[in-house]
Structure formats: structure tokens, C-alpha cells
Amino acid sequence: MNKTNTLRWMMWLTVAITVTLLSSCSEDHDTPQYVAHPTGWLEPNSEYFHGDPALENRGAACKECHGVNLRGGTSSTSCYECHGVLHNEVRIANLTSHQSYMADVDWNLNRCARCHGLDFRGGSTNFSCTVCHTAPAGPMDCRTCHLLPPLDDDSQLYGMPSGSAGAHGAHLRFGCAECHATVTGIGHIGPLPAEVTFAGAQIANLHNYAPASTHIGQATSGNAGCISIYCHTNGAGGPPVAMPQWVGGQLNCAGCHRMPPPAPHPSNAICHTCHRNVDPASDYSNYESIRFLDESLHVNGIVER
């Protein structure tokens, strides 16, 4: 074989190899069988877990395929399909970004727990939320977003809208789930005004009451009235004398039942004569001054004598 034929043969061989390699690479990436991540890349305990290199290089490797904004790139797969939040958008030092994101997901802390662990002490990120959220329950503490009881205070991270905090203070000794049955685990109840439902309440549906409430005024006012719950009764199995409103001040004794309550209750209006748990120093000429010696004994589902 002369020199010219040898060079020509080598040139064609080089072209053939290049075409083969290019077509092979293209075929792998264009067919559904192509897999970019190794087995176990979604498992936090796997040596191939993708979160580890992502943390090490701040997502630089991810951006090669998913784009600089991690929303698709050449892979056409957005990292946000699995990651509801990425810290290039929600920054630790920026409370506003936390606030906006949590509002978008209805304050569902399950999104945070995916990476930071159910106890929020690091999880797969090895970064604990409790560094900043120092309350015993961490981010789950009610005071993370609003005071306890909630107040009409827009200076708080999630201050209650004007008026909607209402009678929270008067109901402080009752658990949140007594009126907000959807408060379970770390998933929050969602946007304001909070849903009021008495399903599974410990007191509101005692003695076969069918608890119900109704909204009063504008839909966003947060005001409501109790139509029928055991907590506010007339003392004889019926609704209260006046419908208690969430916004509008506390009811005195005569707001729920007459003083004294109707028969078969005795006509004696000096409560501590029979009810030893009522403070004998109460001024019975002013219903608002009648007090129990122990607040927990009032509206507890038990007739105390």
C-alpha cells in the first residue's frame, strides 16, 4: 500500500470512529433508556445520593444539565419538580423569602422536613433549622409565625389581620385543635382566615351537641359566631342566650345562660352556694365579676358541684 492510500485509509478510519462515537452518544441521550443518574441517586443513605455532591459544589454539577436556574436546561427537567424550595431563592438570612415561600405553600412545614428531617435538625442537608428556630418545637412552634395566643399585630412575621385574632386570648387554655381540627402534625391549617371545624373536638361536641359556627361580616374579617357548641349553651341543652361572636368582646355568664339557669336548676343565683368551685368573693351584682377558683373547671364538660 503506497503512502497516499495509507493516509486516505487512516482519514476514513478516523471519520468512521468519530461518527460512531457521536451517534452512540446522541442515541444514548435521545432515547428513553438513557439514565443520567445512577441507581440510588434519590436515596439519602445511598453512596450515589445526588444531594451530597450538590451540597459540596453548591449545585454547580446540577446546573450542567438542569440549567443555571435549575428549571430544566438541556435535561428539560426542573429540579423544582421534586424540590419545592431551593436555597438559591430562599436564603437563610432573608426572612422575607421564608415568609413568601411559606405563604405560597400554605405554611406546610413538610416541605422543609423533606431535606432538614422530621425533627428539623439537619436531615440530608446536615443544616439544622433549630440554629435559628430555638423554641423547643423548632419551626413547628406556633410562635415562629405569630404570638400565642395570636394577636392583631402586623409587626409579627404573620400577624393576624385586623380584628381576626378576636377571642384567642379568652380561649388560650383550649388546644388549637378544639376549633381547628385540621391542625395535625407539621402541616399547617392553611391561609387565613383559618378554617373552623369542630370534628374530633374534646369539648365542643359533648352531650350530643352538633357544633357549628357561621361567618359574620366580610369573608376576610375572621369574625364568626358559634351557632351550637357545648361550650356556649343555655344550660338546658339549647343554644346560648346570645350568639357569641369571635370579634366583639367576651360574654359574661348571662351571655350563654340565664342567671340562674332555667329549671330544673334552682332559682338561687348565688353560684358558690352549690358550686364550691366558684369564687365566693364574686360580685353577683355584676356578672362579669363572677369567677371560678380554677378556670379549668369552667367549660370542661363536667357539672361540678
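Rule-based calculations on the coordinates, nothing more; no lab input. Fair warning: this is a prediction, and the values are worked out from it, not measured in the lab. We place every Cβ from the backbone using ideal geometry, glycine too, and count neighbours over all the protein chains shown.
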* With labels modelled as points extended 7 Å from the Cα through the Cβ direction, what inter-label distance (nm, one decimal) is found for Cys82 paired with Met259? -> 6.5 nm
* Structure fact -> Residues meeting the amide H criterion for Ile229 (H placed from the backbone, H to H distance under 5 Å, 5 or more places apart or on another chain) are Ala212
* To do: Could you compute the FRET efficiency for Gln202 and Asn268, with r as their C-beta to C-beta distance and R0 at 51 Å, rounded to 0.05?
  => 0.95
* Asked: Between Ala242 and Asn108, what length comes free when the chain is fully extended (0.36 nm per residue of separation minus the Cα-Cα distance, one decimal in nm)?
  -> 44.6 nm
* Rough spin-label spacing in nm, given labels placed 7 Å along Cα→Cβ, for Ala137 and Tyr48 -> 4.1 nm
* Structure fact -> The answer for Phe292, listing residues at least 5 apart or on another chain whose modeled amide H is closer than 5 Å to its amide H, is Asp279
* Kindly state, to the nearest 0.05, the FRET efficiency for Gln218 paired with His171, given R0 = 22 Å and r defined as their beta-carbon distance. => 0.50
* Asked: What Kirkwood hydrodynamic radius, in Å, does region 197-236 give when the mean of 1/r is taken over all pairs of distinct Cα atoms and then inverted?
  -> 10.9 Å
* To do: Starting from the Cα-Cα distance between Glu64 and Thr125, subtract it from 0.36 nm times their residue separation and give me the gain in nm to one decimal.
  => 19.8 nm
